[in-house]
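Right, one structure below, let's go through it.
What follows is calculated from the coordinates using simple rules that are stated; it is not laboratory data. Everything quoted here is computed from the prediction, not taken from an experiment.
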């Protein structure tokens, strides 16, 4: 009998990737008005996350807003879904606007 390969996707002991499109991911997002935890599906685009954060913190000012990964300082592409960014539960992001934190 051939031994099973433990890295096959059907292996129930393999840890699940929290950024699969059909799974939820919990992110900690900061603005100058506070910090809160948000939960999104992996299919959610970064631009939708920005909208949700602006709504929660009542950020109605005009201008461009962006999400930046706190650990790397990398700005996230607004057209990409969260699952494509390899984010993990608990990752910290910062909402910026006009080049400054908002």
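Annotations
- Three-way shape label, the stretch 24-101, alpha-carbon gyration tensor, a/c 1.5: rounded
- Stretch gain in nm, segment residue 71-residue 33, where the contour uses 0.36 nm per residue and the Cα spacing is subtracted: 11.7 nm
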